[in-house]
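*Asks:* Following this message is one structure expressed as structure tokens.
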Amino acid sequence: MSLIILPMAENQDMARSLAHHLGGEIGHLEIRSFPDGESFVRIDSEVRGRHVVIVCTLDRPDEKFLRLALLAGTARDLGAARVGLVSSYLPYMRQDIRFNPGEGITSVYFARLLSSQVDWLVTVDPHLHRRNSLSEIYTIPAVVAHAATAIGDWIRENVSAPVVIGPDSESEQWVSVVAERADAPYSVLTKKRLGDRNVRVSDAEANRWQGRTPVLVDDIVSTARTMIAAATQFREVGFSDIVAIGVHALFAGQAYEELKGAGVGRVVTCNSVSHASNGVDISPYLAAAIRDLVRTETLDFHSPVAS
Ligand code: R5P
């Protein structure tokens, strides 16, 4: 079954990279707003009988989700055999428990919604904290690609004498892999979030790493308060060269500028969310995950016509 890649707005670069790695065709589509704000969707390429791969990273998901659902519905209606989604950033993963009475566990509700729209999902380093796997909340096949190898390679090639710093205990799972790949030691801080924009991290014992370059690594940079709090620990004891690497560049409001203004010389992110700071290409890892999943899907569901 042949693949056709359908990129939604601002996902063309990633779609081109994936097409390069996977060998699939990039399809043409039009999505625009009617004057009343509702969306118009048209697919101009043949999808009948084909395996459709929608590329849409879901940062700012509230603006994007409905259009994604409308596009998936259109592809299915036009005869697509399977409709999968590559969302290199998977949103709504952090509200995974009821922290306070009355709150919604939105990670579960969003997983339910997305699972009802597409046949499978491939993503990069979703924020799995209190859950071990996406299959605990997603009912469709969901495969995770990891950015740790690519980040470790970037550090090895670009930073002299690095020490990899994870800002909180959750980060140890990927920071340890990044550090091993970068051939560097690592340390993990303790974080306490007091509000959306109020974060404290423990004493980093930063002096212990004099002579090295602290490389802060986190999965998500949103308000950048976590990165700024961690950077402050090092700046206050005299480190002048501090590097911050985030997987997913969400950067709410002025967060990017604020992080750069907080004494962090280099801010680098993966291209899971398109941003000026993108410096680490995760498309080969994403493509490998898609290839595995499509192969499995094809065998599971369409073995007589698998090509
Ligand atoms: C939290 O658990 C994540 O791993 C990140 O540390 C967090 O999302 C970063 O958020 P912010 O940039 O708003 O501090």
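The values are calculated or read from the model by the stated rules, or taken from the named source; none is laboratory data. Fair warning: this is a prediction, and the values are worked out from it, not measured in the lab. Don't worry about glycine lacking a Cβ; one is built from the backbone with ideal geometry, like all the others, and counts go over all protein chains shown. Each accessible area value is taken on the protein alone, full model and side chains, heavy atoms only, with ligands, DNA and RNA left out. Shrake-Rupley method; radii C 1.70, N 1.55, O 1.52, S 1.80 Å.
*Asks:* Output the number of the condition that Gly265 fails; it satisfies all remaining conditions of (1) outside the structural domain of Met14 (by TED's automatic domain parsing); (2) buried (at least 16 other Cβ atoms within 10 Å of the Cβ).
*Replies:* Just one mismatch for Gly265, condition (2).
*Asks:* Continuing with the same structure: I need the full set of residues from region 35-45 which are touching a residue at least 12 places away in the same chain (Cβ under 8 Å) and open to solvent by 40 Å² or more (accessible area, probe 1.4 Å), in order please. Give the derivation first.
*Replies:* Residues of region 35-45 that are touching a residue at least 12 places away in the same chain (Cβ under 8 Å), as a first pass: 39, 41-45.
Within region 35-45, Arg42, Asp44 qualify.
*Asks:* How many residues does region 225-262 contain that are among the hydrophobic types (A, V, I, L, M, F, W, C) and farther than 17 Å from Ser171 by Cβ? Spell out the reasoning first.
*Replies:* Pass one, region 225-262, residues among the hydrophobic types (A, V, I, L, M, F, W, C): 227-231, 234, 237, 239, 242-245, 247, 249-252, 255, 259, 262.
Then keep just the ones that are farther than 17 Å from Ser171 by Cβ; that gives 237, 239, 251-252, 255, 262.
Number of matching residues: 6.
*Asks:* Sort out which residues of region 191-215 are more than 24 Å from Ala145 (Cα to Cα) and modelled with pLDDT of 90 or more, and write them in order of number. So that I can check it myself, show each step before the final result.
*Replies:* From region 191-215, those more than 24 Å from Ala145 (Cα to Cα) are 191-214; that's our starting set.
If the condition is that a residue be more than 24 Å from Ala145 (Cα to Cα) and modelled with pLDDT of 90 or more, then Arg208, Trp209, Gln210, Gly211, Arg212, Thr213, Pro214 are the ones that fit.
*Asks:* Kindly indicate which of Asp281, Asp300 is at pLDDT 95 or above, within 30 Å of Leu3 (Cα to Cα) and open to solvent by 10 Å² or more (accessible area, probe 1.4 Å).
*Replies:* Of the residues listed, the single one that is at pLDDT 95 or above, within 30 Å of Leu3 (Cα to Cα) and open to solvent by 10 Å² or more (accessible area, probe 1.4 Å) is Asp281.
*Asks:* Of the residues that sit in region 134-148 and are open to solvent by less than 40 Å² (accessible area, probe 1.4 Å) and assigned to a helix (DSSP H, G or I), which one is farthest from Arg94 (Cα to Cα)?
*Replies:* The first filter runs over region 134-148 and keeps only residues open to solvent by less than 40 Å² (accessible area, probe 1.4 Å), leaving 134, 137-138, 140, 142, 145, 147-148.
From the residues that got through so far, the ones that are assigned to a helix (DSSP H, G or I) too are 134, 148.
Numbers: Leu134: 13, Ala148: 20 Å.
The qualifying residue farthest from Arg94 (Cα to Cα) is Ala148.
*Asks:* Test Asp196 against the criterion of being closer than 21 Å to Asp183 by Cβ and either more than 10 Å from the ligand (Cβ to nearest atom) or free of Cβ contacts under 8 Å to residues at least 60 places away in the same chain (or both), and give yes or no. Outline the logic, then answer.
*Replies:* On the way: closer than 21 Å to Asp183 by Cβ: no; either more than 10 Å from the ligand (Cβ to nearest atom) or free of Cβ contacts under 8 Å to residues at least 60 places away in the same chain (or both): yes.
Considered against the rule, which asks whether it is closer than 21 Å to Asp183 by Cβ and either more than 10 Å from the ligand (Cβ to nearest atom) or free of Cβ contacts under 8 Å to residues at least 60 places away in the same chain (or both), Asp196 comes out as no.
*Asks:* Considering only residues of region 154-190 that are open to solvent by 30 Å² or more (accessible area, probe 1.4 Å), acidic (Asp, Glu) and within 16 Å of the ligand (Cβ to nearest atom), which is modelled with the highest pLDDT?
*Replies:* Taking region 154-190 as the starting set, the residues that turn out to be open to solvent by 30 Å² or more (accessible area, probe 1.4 Å) are 154, 156-158, 160-161, 169-170, 172-174, 176-177, 180-181, 183, 185-186, 188, 190.
Next cut, acidic (Asp, Glu) only: 157, 170, 172, 180, 183.
Going one step further and asking which of them are within 16 Å of the ligand (Cβ to nearest atom), we end up with 170, 172.
On the way: Glu170: 81, Glu172: 88.
Among them, the one singled out is Glu172.
*Asks:* Is it the case that Ala80 is in contact with a Lys or Arg (Cβ under 8 Å, 6 or more places away or on another chain) and buried (at least 21 other Cβ atoms within 10 Å of the Cβ)? Can you show your working first?
*Replies:* Working: in contact with a Lys or Arg (Cβ under 8 Å, 6 or more places away or on another chain): yes; buried (at least 21 other Cβ atoms within 10 Å of the Cβ): yes.
Yes.
*Asks:* Considering only region 230-245, state which residues are surrounded by 22 or more Cβ atoms within 10 Å (Cβ to Cβ), part of a helix (DSSP H, G or I) and within 16 Å of the ligand (Cβ to nearest atom).
*Replies:* Once the filter is applied, which keeps residues that are surrounded by 22 or more Cβ atoms within 10 Å (Cβ to Cβ), part of a helix (DSSP H, G or I) and within 16 Å of the ligand (Cβ to nearest atom), region 230-245 yields Ala230, Ala231.
*Asks:* Taking into account only those residues within region 107-133 that are more than 12 Å from Tyr92 (Cβ to Cβ) and among the aliphatic types (A, V, I, L, M), which is nearest to the chain's Cα centre (by Cα)?
*Replies:* So the residue we want is Val124.
*Asks:* For region 246-264, which positions are assigned to a loop (DSSP other than H, G, I, E, B) and within 25 Å of Ala150 (Cα to Cα)? Show your work before the answer.
*Replies:* Here is the first cut: in region 246-264, the residues assigned to a loop (DSSP other than H, G, I, E, B) are 250-254, 261-264.
Passing the criteria: Leu250, Phe251, Ala252, Gly263, Val264.
*Asks:* Right, something else. Residues in region 246-257 that are surrounded by fewer than 19 Cβ atoms within 10 Å (Cβ to Cβ) and near the ligand (Cβ under 10 Å from one of its atoms): how many?
*Replies:* Of the residues in region 246-257, the ones surrounded by fewer than 19 Cβ atoms within 10 Å (Cβ to Cβ) are 252-254, 257.
Then drop every residue that is not near the ligand (Cβ under 10 Å from one of its atoms), which leaves 252.
Of the residues in that region, 1 qualify.
*Asks:* Does Ala276 fit the bill of being among the hydrophobic types (A, V, I, L, M, F, W, C) and free of Cβ contacts under 8 Å to residues at least 24 places away in the same chain?
*Replies:* Working: among the hydrophobic types (A, V, I, L, M, F, W, C): yes; free of Cβ contacts under 8 Å to residues at least 24 places away in the same chain: yes.
Yes, satisfied.
*Asks:* May I pose another question? Let me spell it out: the conditions are (1) surrounded by fewer than 20 Cβ atoms within 10 Å (Cβ to Cβ); (2) within 14 Å of the ligand (Cβ to nearest atom), and Ser222 meets all of them except one. Which number is the exception?
*Replies:* Every condition holds for Ser222 apart from (1).
*Asks:* With respect to Arg197, determine if the residue is closer than 23 Å to Trp174 by Cα and in the same structural domain as Trp154 (by TED's automatic domain parsing).
*Replies:* So Arg197 fails the test.
*Asks:* When Ser274 is evaluated against the numbered criteria (1) within 14 Å of the ligand (Cβ to nearest atom); (2) under 15 Å from the mean Cα position of the chain (by Cα); (3) hydroxyl-bearing (Ser, Thr, Tyr), which criterion, by number, is the only one it fails?
*Replies:* Of (1) within 14 Å of the ligand (Cβ to nearest atom); (2) under 15 Å from the mean Cα position of the chain (by Cα); (3) hydroxyl-bearing (Ser, Thr, Tyr), only one is false for Ser274: (1).
*Asks:* Hey, another quick one. What pairs can you find where one residue is in region 127-141 and assigned by TED's automatic domain parsing to the domain that holds Tyr109 and more than 13 Å from the ligand (Cβ to nearest atom), the other is open to solvent by 40 Å² or more (accessible area, probe 1.4 Å) and part of a helix (DSSP H, G or I), and their Cβ atoms are less than 9 Å apart, with a gap of 6+ or different chains?
*Replies:* Hits for this filter: Ile137/Arg112; Tyr138/Arg112; Thr139/Arg112; Pro141/Ser135; Pro141/Thr296; Pro141/Asp300.
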